[in-house]
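A.B. asks: Sending over a structure as structure tokens; questions will come in a sec.
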Amino acid sequence: MRSIMAKIQGTCEEFCPDGEIKMRVRERMLHFFELKNGQKNVPGILVKEFTRSAADVKMPKKEDMRTVQCLTRTVEYLLKDIVIDTRMPYRMAYDFIFDRLRAVRREIVIQMLDAQQTAKLLEPIVMFLAYSRYRLCAEPIDMFDAKICNQHLQECLTGVLCCYKTFDEDETASSPTIRDLQRRCFIESVYQVFNLGCPESLERGLTLPEHVRQDPTFKLSFQMSLSYHQGNLYRVLLALPKLPHILCALAATKLQIIRRRILQMFTHAYNKQFNVPGSYLLRVMLIGSPEHLTQQCRHYGLEVSKELEREPVLCSRSVFKNPEETKLLYIPGVGNVPKAVLFNKSDFINSAETIKEQHEPFVDSKLKKVYLPEVLLLKKFT
């Protein structure tokens, strides 16, 4: 079977093979983004959809398989035109692009493309999945399944890293261009951030070529992953806002886990011993408002005093008896913040679910400054 598959080389130069176009138009199986100007049943630009392999399905014909050049154009079309189409919510664009990119990945496998071709196609897919993981993080599970996105992101990352390994082992390969080196450094950084603190990612980071290990973005990402592994969450949060656009967005999906761990650590480290300044908590937990900090503490059992309900005063339940002792500190531009939070480890609700991921203002401000297609297609790195 492998030898037969190796002989298949696509000849189709269109986004969608002619046979599939005729069938889908006839059966009215067109997605919104394939309709001409949104007109019902009026075909516009069709893109080959993903279909699962089945035991009774014949081997695809070469005219139904797209050439490498066509696959590249397909990826560029999806990540240039469709990803910024605002006629529908982004989750609908995500579903469409996700399916069509799966079809591209399937053809990579069937045609057994070489490492160079595979890497060039998978790299922007990695970027799209990483961006979407953050963009849709606040959606309900029936609209966006983060676990499925994580699974496919990990699969694509693994595929790209295997290609990089082939490059490193091939002594006859031509020297990579500066753009190729930049793309690799960024994808290696995505791998570190996505697998924050994992021993496998750290081990890989130590064995990479010198030019990757010395890349500023990779060094920051690797150090952040190492700090997470060591339990130094302060250094993780110190580095996170310094990451560029997509990396910062991907790292932000782990913020709620980190914030929970920080509160847990504080309930043990400062248990009934010291008051922790509220302004310090806002800064160290990368929280932009007192209300958000209140929400965090309430969720894990650190309640708001009923006597001071109108003010964002945080305290543990042990402070209820003397609410007047908990005072506010006014910070210009932020407002009243808790002057101090008294932690009590008996208050922390360890069984509480981790708060759902949400959009972070400092990440959104970074993403607004970039032209998304350039970033997803790895034409701009900072």
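A.B. asks: Scan segment 358-380 and tell me whether some residue there is closer than 25 Å to residue 257 by Cβ, among the small types (Gly, Ala, Ser), open to solvent by 90 Å² or more (accessible area, probe 1.4 Å) and at pLDDT 50 or above.
C.D. replies: Looking for residues that are closer than 25 Å to residue 257 by Cβ, among the small types (Gly, Ala, Ser), open to solvent by 90 Å² or more (accessible area, probe 1.4 Å) and at pLDDT 50 or above, one finds none in segment 358-380, hence no.
A.B. asks: Would you mind stating whether residue 158 is part of a helix (DSSP H, G or I), open to solvent by 40 Å² or more (accessible area, probe 1.4 Å) and either in contact with a His (Cβ under 6 Å, 6 or more places away or on another chain) or of a type outside the set (Asp, Glu) (or both)? Even if it seems obvious, please write down each step before you answer.
C.D. replies: Details: part of a helix (DSSP H, G or I): yes; open to solvent by 40 Å² or more (accessible area, probe 1.4 Å): yes; either in contact with a His (Cβ under 6 Å, 6 or more places away or on another chain) or of a type outside the set (Asp, Glu) (or both): yes.
So residue 158 passes the test.
A.B. asks: I'd like to know if segment 182-204 contains one or more residues that are closer than 21 Å to residue 381 by Cα, out of contact with any His (no Cβ under 6 Å at 6 or more places or on another chain) and open to solvent by 50 Å² or more (accessible area, probe 1.4 Å).
C.D. replies: Yes, some residue in segment 182-204 is closer than 21 Å to residue 381 by Cα, out of contact with any His (no Cβ under 6 Å at 6 or more places or on another chain) and open to solvent by 50 Å² or more (accessible area, probe 1.4 Å).
A.B. asks: Could you please let me know if residue 90 is within 27 Å of residue 38 (Cα to Cα), open to solvent by less than 60 Å² (accessible area, probe 1.4 Å) and among the hydroxyl-bearing types (Ser, Thr, Tyr)? Spell out the reasoning first.
C.D. replies: On the way: within 27 Å of residue 38 (Cα to Cα): yes; open to solvent by less than 60 Å² (accessible area, probe 1.4 Å): yes; among the hydroxyl-bearing types (Ser, Thr, Tyr): yes.
Yes.
A.B. asks: Scan segment 106-124 and tell me whether some residue there is within 23 Å of residue 378 (Cβ to Cβ) and touching a strand residue (DSSP E or B) at 6+ places or on another chain (Cβ under 8 Å).
C.D. replies: Initial filter on segment 106-124 (within 23 Å of residue 378 (Cβ to Cβ)): 106-109, 111, 113-124.
From the residues that got through so far, the ones that are touching a strand residue (DSSP E or B) at 6+ places or on another chain (Cβ under 8 Å) too are 107.
For segment 106-124, residues within 23 Å of residue 378 (Cβ to Cβ) and touching a strand residue (DSSP E or B) at 6+ places or on another chain (Cβ under 8 Å): present.
A.B. asks: Is it fair to say residue 302 is at pLDDT 70 or above, outside any loop (DSSP other than H, G, I, E, B) and either open to solvent by less than 40 Å² (accessible area, probe 1.4 Å) or farther than 30 Å from residue 146 by Cβ (or both)? Even if it seems obvious, please write down each step before you answer.
C.D. replies: Details: at pLDDT 70 or above: yes; outside any loop (DSSP other than H, G, I, E, B): no; either open to solvent by less than 40 Å² (accessible area, probe 1.4 Å) or farther than 30 Å from residue 146 by Cβ (or both): yes.
No; evaluated as a whole, the condition is false for this residue.
A.B. asks: Does residue 48 fit the bill of being part of a loop (DSSP other than H, G, I, E, B), basic (Lys, Arg) and open to solvent by 90 Å² or more (accessible area, probe 1.4 Å)?
C.D. replies: Numbers: part of a loop (DSSP other than H, G, I, E, B): yes; basic (Lys, Arg): yes; open to solvent by 90 Å² or more (accessible area, probe 1.4 Å): no.
Judged against the criteria, residue 48 is not a match.
A.B. asks: Here is a further query. Looking for whichever is of a type in the set (A, V, I, L, M), out of contact with any Cys (no Cβ under 7 Å at 6 or more places or on another chain) and at pLDDT 95 or above here; the options are 148, 125. Which one fits?
C.D. replies: Working: 125 fails: out of contact with any Cys (no Cβ under 7 Å at 6 or more places or on another chain).
Within the list 148, 125, the selection yields 148.
A.B. asks: So if I check each of 184, 179, 133, which one is under 12 Å from the mean Cα position of the chain (by Cα) and under 20 Å from residue 75 (Cβ atoms)? Full working, then the answer.
C.D. replies: Values: 184 fails: under 12 Å from the mean Cα position of the chain (by Cα); 179 fails: under 12 Å from the mean Cα position of the chain (by Cα).
None of the others qualify; the one that does is 133.
A.B. asks: Quickly run through segment 96-113 and pick out the residues that are modelled with pLDDT of 95 or more and surrounded by fewer than 17 Cβ atoms within 10 Å (Cβ to Cβ).
C.D. replies: 99, 102
A.B. asks: Any chance segment 124-137 includes a residue that's open to solvent by 50 Å² or more (accessible area, probe 1.4 Å) and without any contact (Cβ under 8 Å) to a residue 40 or more places away in the chain? Working first, answer last.
C.D. replies: Quick first cut of segment 124-137, residues open to solvent by 50 Å² or more (accessible area, probe 1.4 Å) only: 135.
Now narrow it down to the ones that are without any contact (Cβ under 8 Å) to a residue 40 or more places away in the chain: none.
No; the residues of segment 124-137 include none that is open to solvent by 50 Å² or more (accessible area, probe 1.4 Å) and without any contact (Cβ under 8 Å) to a residue 40 or more places away in the chain.
Yes/no matrix, rows are residues, columns are (1) over 18 Å from residue 350 (Cβ atoms); (2) at pLDDT below 90; (3) not in a helix (DSSP H, G or I):
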position	(1), (2), (3)
219	yes, no, no
222	yes, no, no
237	yes, no, no
250	yes, no, no
256	no, no, no
259	no, no, no
263	no, yes, no
271	no, yes, yes
282	yes, yes, no
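The values are calculated or read from the model by the stated rules, or taken from the named source; none is laboratory data. The structure presented is a predicted model; accordingly, all values stated were derived computationally and were not measured. Every residue, glycine as well, gets a Cβ built from its backbone with ideal geometry; the counts of neighbours run over all protein chains shown. Heavy atoms of the whole protein, side chains included, go into the accessibility calculation; ligands, DNA and RNA do not. Shrake-Rupley method; radii C 1.70, N 1.55, O 1.52, S 1.80 Å.
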